[in-house]
1. Report yes if residue 11 is modelled with pLDDT under 75 and more than 37 Å from the chain's Cα centre (by Cα), otherwise no.
2. Would you point out the residue of the stretch 539-582, among those that are in a strand (DSSP E or B) and of a type in the set (Val, Ile, Thr), that is surrounded by the fewest Cβ atoms within 10 Å (Cβ to Cβ)?
3. Do we find a residue being outside any loop (DSSP other than H, G, I, E, B), aromatic (Phe, Trp, Tyr) and either touching an Asp or Glu at 6+ places or on another chain (Cβ under 6 Å) or not assigned by TED's automatic domain parsing to the domain that holds residue 369 (or both) anywhere in the stretch 324-344?
4. At pLDDT below 90 and crowded, with 19+ Cβ neighbours inside 10 Å, is that true of residue 528?
5. Have a look at 295, 323 and point out the one that is in contact with a Lys or Arg (Cβ under 6 Å, 6 or more places away or on another chain), under 30 Å from residue 443 (Cβ atoms), of a type in the set (A, V, I, L, M) and modelled with pLDDT of 90 or more.
6. Within the stretch 447-461, track down each residue that is in a strand (DSSP E or B) and in contact (Cβ under 8 Å) with a residue 24 or more places away in the chain.
7. Take the residues of the stretch 139-158 that are surrounded by 11 or more Cβ atoms within 10 Å (Cβ to Cβ) and closer than 23 Å to residue 112 by Cα: which is modelled with the highest pLDDT?
8. So, in the stretch 225-249, exactly how many residues are crowded, with 20+ Cβ neighbours inside 10 Å, closer than 21 Å to residue 290 by Cα and within 26 Å of the chain's Cα centre (by Cα)?
Amino acid sequence: MGGIGFTAPALLWGMAAALAVPLIHLLKRPKTVRLTFSTLRFFDESSVTARRSRKLRKLLLLITRMLCIALIALIFSGPYNRSDPLRLLHDPVHPVYVAIDPTPSMTYRDKNGSPAERAHSLLDSLAVLRPHPGSISVYATQSCSFTAVQLSDDGTAPPVELFDAAAFANACRETVHRTPDAVFIFMSDFQGAIASTLDSLLSGPLFEKALFISVSFTPHKPWNVYPTEIRTSTGAVPGIKVRLVNTAPRAVSGKLQVTINTLRMVPRSCTLAPEADTVLDIAVQSLAPAEGGSIRFDCGDPLPFDDTRYFVAEEDIPSSILIIGDPAATWPVAAAITANEPSGHRSVARCTYEQLSIKTLSAADVIIICSGDGARQSRELVGSIVRPEKQTVIDACDSTCCSGNEHWRSTKKPLSLTLADTVSDFWRGFPSLHAADVHIYGYRTGLTGMPLAYLSNGLPFITLQKVSENRLSITLASPADINSADNLCETAFFVPLLDRLIRHAERFRARTRPPWIAGHPEKNPYLGAHTAVPVLNAEGKQLLLLQYQPFFTIDNPGVYRVIPADAAPYPTVTIVDPAESRTVYHAPQTVGLPMHTVLTAEELSAHFSGRQGMPWRIIPWIVVGILLILELLLRERPASIPKQPVA
């Protein structure tokens, strides 16, 4: 790959024209006339010196003209550095494949428009700079293939769509097979979800030879406000609790609009604290189970796609959580559980093994067993309790509780965590970036059940197992309380992890269905049903039939109604992807990827138009100009003959 290459090597033959310069000099050389003198004593020494000076000047003039012609031919031949992967952008006919991030976060609005609009405007300018037909192709998410680029008619960006990383990888793989030195350009804001997907995609062997250019449209100082959680109470005092997240570094004021079925309530003005979560209690006149509605917060934030959150009222069932362990070590567990939950929905109690009773264990909906004295006895006692209602046991013990196939291991080099996936119902929308901050020094092996997270050595860290119809078991390989075996409770990963575990336990108990994500494929729960199951929208019109398709997709958020053939109809909610609401961005990974580079929109346009490296392109022409001036100075002028006076 190293060395110098030329875009037009045939023009190098123009350097041969420099050989014609000596030939012309020889042909134009004046003929010497031999004269016989009787003596040379009348010639002074200055005449001899002048003759030598003329010879040197002619030699320098010859060299200057040859260098000038050779340098001009070299410039037009287009030399470039073969080790520079961006050299392919200088070729006006080399195919370029462009993909634009279609996810909702690209609709972020600021004074310069949205990232999606700027990306499509850049694509149009690249198509104008490189008008050669077929030189630029754009990735179409609907057909999952690259097609010839077409200029935007009105300059607006197309609607948001699902970005299928697997389909994009297949399209790139087919393109690389046809064009080994293909150039891919991916334009995105590199919001957390899409950036992680791209990093995992580029870490494979697909782009070892192909050039992949990332063009960043990350907003400057981004902020967003969005409702993230809605709790409904349908008892004697109906009400709604909504959690609003404000990521702005300042207080944000706006109006909260609540709609239940078709009834719109009076808007409520409120102010959100800077960079904080705010829980609001909304009193309603009536709210029955299975009633649907929406909550909208208007505040002029630059990411408006997630201002509205839909919900279905469910029976409010408070959770009773019992934490067993040393009170001095288990207080972070209790704080993490209540950190993300409106007050009153979860009641948390802590006790030691000596304080346990059958009545206390039977009353708890979720039991968390931490490390310490009596942990093993606590596990055995909890296992002997037969509860008529559903109960979840979270086992987060240390080496003192190993039994059966379980063994305790210690490691000098700490282990980190990785999630099994980030698209399943358990982890969807989970902020997994802080998992690498966890350091595990001691852990249990031999855990049974379905792995939900792994240690960096490949062993399970969290497993899920349904012991019976009324018992769900979640096991952690390392303690959850303050313990020397890990630093779990000291990381930003701890609070969302405990919150996710408790939420899954509450869903198991209440039999609530996870919401669908707009634009994302959902697993069909009625696959292979004897009769088709219709899904109706808010107007009662049939949206689709669930029967034979393994996956289905709902494009727009809202409240939909599912009508099974052998069960009662029920409403369900489709929401926007929670990960798209977070204004968390990170640049794509380029370390260890020599064929992956990150450019700004201006730098990419400069490469396409040939303005990139303009000073280095001008310098050769400056040298040519200097040589031409030198040629004029070295050129011998004919001596002027003085005029004789007329007598």
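The values are calculated or read from the model by the stated rules, or taken from the named source; none is laboratory data. It should be emphasised that the depicted structure is a prediction, and the values quoted were computed from it without experimental measurement. Don't worry about glycine lacking a Cβ; one is built from the backbone with ideal geometry, like all the others, and counts go over all protein chains shown.
1. Here the answer is yes, as residue 11 does meet what is asked.
2. This residue is 553.
3. no
4. Against the criterion (at pLDDT below 90 and crowded, with 19+ Cβ neighbours inside 10 Å), residue 528 does not qualify.
5. Among 295, 323, only 323 is in contact with a Lys or Arg (Cβ under 6 Å, 6 or more places away or on another chain), under 30 Å from residue 443 (Cβ atoms), of a type in the set (A, V, I, L, M) and modelled with pLDDT of 90 or more.
6. Result: 451, 452, 453, 454, 455, 461.
7. 151
8. 1
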